[in-house]
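*Asks:* First the structure, then my questions, so here it is.
The values are calculated or read from the model by the stated rules, or taken from the named source; none is laboratory data. Since we're looking at a predicted model, the values are computed, not measured. Every residue, glycine as well, gets a Cβ built from its backbone with ideal geometry; the counts of neighbours run over all protein chains shown. Heads up: the accessible areas ignore ligands, DNA and RNA and are worked out on the full protein's heavy atoms, side chains in. Shrake-Rupley method; radii C 1.70, N 1.55, O 1.52, S 1.80 Å.
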Amino acid sequence: MKYIDEFRDGDTARLLAGLIHKEVSPDRNYRLMEFCGGHTHAIFRFGIVDLMPENVRFVHGPGCPVCVLPAGRIEAAIRLAESSDIILCTYADLMRVPAGKKDSLHKARARGADIRMIYSATDALAIAQANPERQVVFFAIGFETTTPPTAAVIRIAAAMALTNFTVFCNHVLTPPAMAHILASGEASIDGILGPSHVSTIIGSQAYADCCAQYRMPLVIAGFEPVDVIQSTLLLIRQINEGIHRVENQYTRAVSASGNRKAKALMDEIFELRPRFEWRGLGELPDSALAIRHTYAAFDAEKRFHMAPVTTTDIKGCICPAVLRGVSNPDECKLFGTVCTPEEPKGACMVSSEGACAAYYSYGRFRAEVTS
Amino acid sequence: MCLAVPARVEALDEATAMAVVSLDGIRKEVSTQLLEQVAIGDYVLIHVGFALERIDPVEAAKTLALFAELRAMDGNA
Ligand code: SF4
């Protein structure tokens with residue numbers, strides 16, 4: 001396929017990896033955080049880890065939307081779906097994420113709640129139109145990539161004056177999470193592989209402050225393996241030169257200012273939440289979005305007076321440390337034994353973008369993939 | 001979840017801001033309302049039923065030219 005195959009070319013990947021081997025300095029380590037779970041997945045799926053020198057390490061970041069959503073938000077959605085006669089629509093990734101007390105949306109559906117998986121945000125709108133006598137709630141999650149589609153459907157619903165459609169908004173922002181990780185210094189990283197499609201929306205400039213403040217090299221990287229390897233090379237060059245700037249490898253889809261139309265739409269519909277709880281990162285100020293007062297009629301939290309719910313994650317699950325780049329999944333005692341993709345105990349094992357799922361699915365077969 | 005895949009625009013309906021795109025031979029309807037401009041034949045990144053952005057063919061060609069140069073240098077080595 002065009003724009004995919006060229007960026008999966010094995011010869012190019014090997015040549016770029018060869019340059020990395022040539023250019024790394026043997027007497028230091030390079031700890032590179034791939035912020036986004038899509039990159040974690042690519043790094044494992046394409047065996048990129050095995051093409052790297054020993055001293056180049058990938059540290060997995062928090063960029064997995066279902067992983068950073070605290071169980072309490074899922075629990076709140078389950079309570080809403082079970083207490084009233086609503087239709088809850090959600091993206092497939094969320095269905096099996098553990099909520100409190102070993103529950104999940106999947107299990108709630110089996111108990112009889114009307115929970116529907118959707119592919120597109122517009123599907124939720126279509127369900128609302130097809131069921132005018134019922135309330136339809138769209139359980140929206142995701143980073144800036146997924147936010148503009150949610151904004152678009154809220155605006156359409158407003159234009160159609162729909163009275164049975166609301167959104168349970170859980171959209172979060174990348175730059176504050178990145179700043180938090182850098183400010184804490186816990187993960188001790190030397191450079192960041194910046195997100196692909198979040199950056200398509202927010203633009204490369206969005207990271208400038210954060211990188212300058214923490215003197216952190218950052219390269220925005222495409223999702224294909226050659227993109228990731230080239231971006232790694234660019235990061236290593238910055239580190240070797242002792243410089244730190246925002247560089248853009250993914251120029252075919254990311255500009256300096258991003259998608260202006262999408263940003264304007266997000267700004268029209270959403271405002272900053274003063275605080276939002278993230279799994280792993282804790283409560284971060286100005287790190288998530290809420291629906292603006294003008295569109296309050298489409299805010300499920302307001303319409304259904306949803307109360308905040310706090311629950312605890314399963315004992316032994318180290319997802320929070322994994323999401324901060326402090327621990328690796330194989331350091332978790334439950335990994336691969338009690339916790340597997342078939343019986344996930346934590347969010348990082350459910351989503352295909354979660355670091356635990358990537359370790360489990362590809363870790364054991366890495367040798368075969370690269371040979 | 002942030003995965004977005006490149007697909008070619010096959011048909012456009014400006015009134016509804018919808019497009020038909022083809023993704024490895026499969027045709028899909030997506031919304032184009034997040035795009036400032038789009039034309040038939042463009043490649044766009046598809047995410048949850050929306051086109052997020054056009055792929056810039058000039059920038060893509062520049063990146064690929066760099067890779068070609070790298071392979072040529074290797075061939076001469
Ligand atoms: S392996 Fe399972 S239990 Fe352990 S950190 Fe990962 S998701 Fe949590």
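*Asks:* Which residues, counting only those in the range A:114-131, are in a loop (DSSP other than H, G, I, E, B) and open to solvent by less than 10 Å² (accessible area, probe 1.4 Å)?
*Replies:* The one that is in a loop (DSSP other than H, G, I, E, B) and open to solvent by less than 10 Å² (accessible area, probe 1.4 Å): A:S120.
*Asks:* Okay, moving on. List the number of the failed condition for B:V30; all other conditions in (1) facing another protein chain (nearest Cβ under 9 Å); (2) out of contact with any Gly (no Cβ under 8 Å at 6 or more places or on another chain); (3) open to solvent by less than 80 Å² (accessible area, probe 1.4 Å) hold.
*Replies:* Single failed check for B:V30: (2).
*Asks:* From the set of residues in the range A:260-303 that are of a type in the set (A, V, I, L, M) and in a helix (DSSP H, G or I), which is nearest to A:P70 (Cα to Cα)?
*Replies:* Filtering the range A:260-303 down to residues of a type in the set (A, V, I, L, M) leaves A:262, A:264-266, A:269, A:272, A:281, A:284, A:288-291, A:296-297, A:300.
Okay, now just the ones that are also in a helix (DSSP H, G or I), so A:262, A:264-266, A:269, A:296-297, A:300.
Numbers: A:A262: 27, A:A264: 28, A:L265: 26, A:M266: 23, A:I269: 23, A:A296: 23, A:A297: 25, A:A300: 18 Å.
Looking at the filtered set, the residue picked out is A:A300.
*Asks:* Taking the range A:332-354, which residues are within 14 Å of chain B (Cβ to nearest Cβ) and more than 9 Å from the ligand (Cβ to nearest atom)?
*Replies:* A:S351, A:S352, A:E353
*Asks:* In the list A:L265, A:L281, which residue meets the criterion of being touching a His at 6+ places or on another chain (Cβ under 6 Å) and more than 13 Å from the ligand (Cβ to nearest atom)?
*Replies:* Exactly one residue qualifies, and that residue is A:L281.
*Asks:* Okay, moving on. What's the total number of residues in the range B:36-77 that are in contact (Cβ under 8 Å) with a residue 12 or more places away in the chain, more than 7 Å from chain A (Cβ to nearest Cβ) and not in a strand (DSSP E or B)?
*Replies:* Residues flagged as in contact (Cβ under 8 Å) with a residue 12 or more places away in the chain, more than 7 Å from chain A (Cβ to nearest Cβ) and not in a strand (DSSP E or B) within the range B:36-77 amount to 7.
*Asks:* Further, regarding this structure: Restricting the search to the range B:32-77, which residues are closer than 30 Å to B:L12 by Cα, in contact with a helix residue (DSSP H, G or I) (Cβ under 6 Å, 6 or more places away or on another chain) and of a type in the set (F, W, Y)?
*Replies:* B:F50
*Asks:* Looking at the range A:11-36, which of its residues are small (G, A, S) and under 21 Å from A:R215 (Cβ atoms)?
*Replies:* The initial filter retains those residues of the range A:11-36 that are small (G, A, S), namely A:13, A:17-18, A:25.
The answer is A:S25, and nothing else.
*Asks:* Right, another one. Could you tell me whether the range A:321-331 includes any residue that is of a type in the set (A, V, I, L, M, F, W, C) and away from the ligand (no atom under 11 Å from the Cβ)?
*Replies:* Within the range A:321-331, one or more residues are of a type in the set (A, V, I, L, M, F, W, C) and away from the ligand (no atom under 11 Å from the Cβ).
*Asks:* Which residues, taken from the range A:258-297, are without any contact (Cβ under 8 Å) to a residue 60 or more places away in the chain, within 21 Å of the chain's Cα centre (by Cα), within 14 Å of chain B (Cβ to nearest Cβ) and over 14 Å from A:F143 (Cβ atoms)?
*Replies:* A:D267
*Asks:* Residues being at the interface with chain A (Cβ under 9 Å from one of its Cβ atoms) and open to solvent by 30 Å² or more (accessible area, probe 1.4 Å): count how many of those fall in the range B:1-24.
*Replies:* So the answer is 5.
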